[in-house]
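Participant: This is the structure I have questions about; it appears just below.
The values are calculated or read from the model by the stated rules, or taken from the named source; none is laboratory data. None of these values were measured; they are calculated from a predicted model. We place every Cβ from the backbone using ideal geometry, glycine too, and count neighbours over all the protein chains shown. With ligands, DNA and RNA removed, areas are computed over all heavy atoms of the protein, side chains included. Shrake-Rupley method; radii C 1.70, N 1.55, O 1.52, S 1.80 Å.
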Amino acid sequence: LARQRARWAPRLQAACRQMARSAAESFFATSAALNQSGRDPRDAVVKIFNTRQRPGWTVPWQDQPVESSTGSGAVIRARFGQAGSEVPMVLTAAHVIADSRFLQIQRSTDRFSGEKFQARILAVCHEADLALLSVQNPAALAEIAPLEVAPAAKLPHVFDKVRVVGYPVGGDACSITEGVVSRVEVQEYSHSLRAGLALTVDAAINSGNSGGPLVDAATANIVGVAFQKLVARGVELQGHAVPAPLIQRFLGEAAATCSSAAAETSSPPLHLRLPSLGCDYQSLEPPALRRSLGLGDRAGILISRLHHGGSGSGPPPSMRRGDVLLEFNGYPLDELGFCDLLGRRMHFAAARDLCLVGASVPIKVWREGAEIALEHTLNPARYLVPRGQFDVRPRYFICGGLVFQPLSHEYLQGWSANDRPPHLQNLFLGGHLTPGRTEAVMLSQVLADEANAGYDSGWVGAPIVQAVNGVEIRDLSHLVEVVEAARGGGEAEAGQRQGKEGYLVFDVQMSSGPFRLVLPLEGLEEADARICALYGVPRACRSQHFAPGDDCDGAAE
């Protein structure tokens with residue numbers, strides 16, 4: 001044993017010295033890098049504590065249990081109003097503060113006390129997964145030097161070294177992971193289910209890192225906001241960040257829209273949107289398809305379907321089905337929809353998102369054998385089946401124990417993607433707005449009572465409502481109007497009193513085919529009262545969106 005110790009002791013000592021040398025080199029390399037960038041970004045990164053309560057989309061009059069979650073955010077300087085001065089704010093991801101009831105931030109405990117400060121949401125854009133917070137106590141951020149956001153006209157290059165700063169699970173101290181930019185392209189944002197420009201990095205992004213800054217290793221400027229990572233078998237180190245051009249667009253619109261007074265008071269958060277082209281399109285990669293359109297050496301994408309705006313007013317769309325979009329806002333498109341933007345090739349959706357909602361942009365289309373220059377107005381996206389709904393209350397209406405609500409992605413999340421009812425999933429994937437239908441209103445459940453005896457109870461397959469008393473239903477607010485008119489609570493339009501006298505007739509489409517439900521008008525008020533008392537439903541039998549005297553709007557609030 002003594003001989004073995006004598007033989008191995010020098011080797012162990014040498015190994016320990018090598019480990020100490022490596023640790024010292026790593027420490028000095030990190031210090032040198034931080035000194036080169038001019039500052040340590042950890043000082044300006046805070047931990048966010050969100051107490052949230054999500055609505056119950058399957059039982060819309062109830063809320064889910066209160067939850068707590070954490071995320072990260074970066075202290076920056078933001079301006080509100082034309083004459084407003086720059087003040088410290090916290091930039092984070094929208095999903096970190098979604099459905100919030102109470103918000104707090106905590107500065108880095110390595111440098112400050114562990115005291116938490118109450119915060120509130122100033123502006124949020126769920127489609128871009130960005131949010132801006134203010135802190136009620138001005139002294140909370142007074143000792144922090146804010147980080148700078150990279151210019152809007154600049155994107156990092158592939159191989160650029162970056163660092164993700166935040167508070168991931170597994171510890172309390174501020175954490176830094178390092179990597180390189182591996183992609184700059186349009187990706188799907190999991191929070192909003194919408195495609196947008198994103199940075200892909202191989203630096204680790206874990207739970208709790210969301211909302212934290214992605215900083216340039218050389219300058220410590222914010223080049224992105226961490227918002228998601230790709231999780232799949234065989235996939236490692238693929239994190240995504242919202243890039244600086246979208247951040248600057250968000251901050252600029254928030255500054256122009258929100259006044260400096262609103263930033264200092266308890267005004268409701270400013271909800272911002274991204275624009276939509278207002279159509280479906282397909283690539284023109286197949287040569288035969290391009291030849292059939294007579295494009296010659298031109299390139300672009302084929303407009304396959306226009307989206308109805310949900311309102312009968314407004315100017316007609318500039319594009320038509322069958323047009324080929326050749327150029328968008330001065331950017332010529334190729335057959336895949338890619339263009340030269342910010343010094344690289346990327347999908348034109350990135351250029352679209354840099355525009356403001358309501359902006360009029362020049363486009364060129366190929367129509368009937370000729371190039372046509374048009375002005376196209378960019379409006380926010382609307383879907384037959386809404387998705388990405390946060391900070392809103394579900395809309396519902398109950399009549400005789402029949403619970404009606406619009407189909408939404410949030411409702412479908414009650415099932416896994418492979419187990420969703422096919423007729424509902426098909427509407428989510430392929431349904432589109434038309435002048436005659438702007439929502440898919442479904443019968444989500446039946447609260448059993450003698451008024452609806454014989455129609456089963458609970459979940460009955462979620463059939464889609466087609467008509468009430470012979471009137472085709474446009475959306476949930478229209479259904480409420482038709483039912484109230486038949487019950488004598490409103491003015492009936494032509495045809496709203498069709499059907500058998502004294503009854504409400506609901507024609508619905510089951511997954512297996514058409515089906516009819518009939519409720520007697522006599523005794524319906526008493527039935528509603530019984531159902532409310534028995535099932536714990538609010539006495540109004542409807543969400544606040546349809547309170548008497550309010551203007552029923554088909555769009556979610």
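Participant: What's the FRET efficiency of L336 with V392 using the Cβ-Cβ distance as r and R₀ = 30 Å, to the nearest 0.05?
Facilitator: Numbers: r = 35 Å, r/R0 = 1.18.
Efficiency computed from Cβ-Cβ geometry: 0.25.
Participant: Residues with beta-carbon under 12 Å from that of A381, excluding A381: net charge, scoring Lys, Arg +1 and Asp, Glu -1? Show your work: numbers first, answer last.
Facilitator: Numbers: positive: R194, R273, R352, R382, R387; negative: E127, D280, D353.
Net local charge, A381 excluded: +2.
Participant: Which three extents, in whole angstrom, do the alpha-carbon atoms of segment 376-468 cover along their principal axes, largest first?
Facilitator: For segment 376-468, the Cα extents along the three principal axes come out at 55, 30, 26 Å.
Participant: Can you give the local net charge around P213? Use residues other than it whose beta-carbon is closer than 11 angstrom to its beta-carbon, Lys and Arg +1, Asp and Glu -1. Write down the numbers at each step before the final one.
Facilitator: Numbers: positive: R42, R163; negative: E148, D216.
Net of charged neighbours comes to 0.
Participant: Something else about it: Would you kindly state the longest site-free stretch of the chain, with sites defined as trypsin sites (Lys or Arg not before Pro) in a DSSP loop (not H, G, I, E, B) surrounded by at most 11 other Cβ atoms within 10 Å?
Facilitator: In short, 234-499.
Participant: Which of the GluC sites (Glu not before Pro) found in segment 102-155 are in a DSSP loop and have at most 13 neighbouring Cβ atoms, other than their own, within 10 Å?
Facilitator: Values: sites: E115, E127, E143, E148; in loops: E115, E127, E143, E148.
Listed in order of number, the matching sites are E115, E143.
Participant: For the chain, what does the relative contact order come out to in percent, with C-alpha contacts under 8 Å and a separation of six or more? Intermediate results must be reported in sequence, preceding the final value.
Facilitator: Values: 1211 pairs, mean separation 57.7, N = 557.
The normalised contact order for the chain reaches 10 percent.
Participant: How large, in percent, is the carbon and sulfur part of the accessible surface of the chain at a probe radius of 1.4 Å? Write out the running numbers ahead of the final one.
Facilitator: Numbers: 13410 of 26460 Å².
Roughly 51 percent of what the probe reaches on the chain is carbon or sulfur.
Participant: Between helix 2-37 and the chain, what is the angle of the helix's C-alpha long axis to the longest principal axis, kept within 0 to 90° and rounded to the nearest 10?
Facilitator: 70
Participant: Another one. Of the labelled options (i) 273; (ii) 171; (iii) 236, which one gives volume of the Cα convex hull per residue in Å³ as computed for this structure?
Facilitator: It is the one labelled (iii).
Participant: Have a look at the DSSP beta bridges in segment 133-258 and tell me what percent are antiparallel, nearest 5. Please list the in-between numbers first.
Facilitator: Numbers: 28 of 29 bridges.
Approximately 95 percent, going by the DSSP bridge assignments.
Participant: If you stretched the chain out fully between S85 and L193, how much longer would it get, using 0.36 nm times the residue separation minus the C-alpha to C-alpha distance? Before the final figure, lay out the partial values.
Facilitator: Details: separation 108, 0.36 × 108 = 38.88 nm, distance 3.52 nm.
Length gained, S85 through L193: 35.4 nm.
Participant: What's the FRET efficiency of A256 with Q136 using the Cβ-Cβ distance as r and R₀ = 25 Å, to the nearest 0.05? Don't skip to the end; give the middle numbers.
Facilitator: Working: r = 24 Å, r/R0 = 0.96.
Result of the calculation: an efficiency of 0.55.
Participant: Another question, if that's okay. How much net charge surrounds Q413 when only other residues with a Cβ under 11 Å from its Cβ are counted (Lys, Arg +1; Asp, Glu -1)?
Facilitator: Residues near Q413 contribute +2 overall.
Participant: Hey, quick one: spin label on S292, modelled 7 Å out along Cα-Cβ, who in segment 363-390 has an amide N within reach, i.e. under 20 Å?
Facilitator: 366-370
Participant: Compute the acute angle (0 to 90°) between the alpha-carbon long axis of helix 244-257 and the principal axis of greatest extent of the alpha-carbon atoms of the chain; round to the nearest 10°.
Facilitator: Relative to the chain, helix 244-257 is tipped by roughly 60 degrees.
Participant: Same structure, new question: What is the magnitude of the charge dipole of the chain about its Cα centre, with +1 placed on the Cβ of each Lys and Arg, -1 on the Cβ of each Asp and Glu, and no other charges, expressed in debye to the nearest 20? Could the numbers behind the result be given before it?
Facilitator: Working: 52 positive and 58 negative charges, 504 e Å.
Once rounded to the nearest 20, the dipole reads 2420 debye.
Participant: Please compute the length gained on full extension between A417 and A359, using 0.36 nm multiplied by the number of residues separating them and subtracting their Cα-Cα distance.
Facilitator: Values: separation 58, 0.36 × 58 = 20.88 nm, distance 3.59 nm.
The span from A417 to A359 would gain 17.3 nm if fully extended.
Participant: Before I look further, what does the chain give for accessible area per residue, probe 1.4 Å, in whole square angstrom? Don't skip to the answer; put the middle values down first.
Facilitator: On the way: 26460 Å² over 557 residues.
Value for the chain: 48 Å² per residue.
Participant: Let's test the formula: R0 of 41 Å, r as the Cβ-Cβ distance of F112 and A373. What FRET efficiency results, to the nearest 0.05? Mind dumping the intermediate values first?
Facilitator: On the way: r = 57 Å, r/R0 = 1.39.
Efficiency computed from Cβ-Cβ geometry: 0.10.
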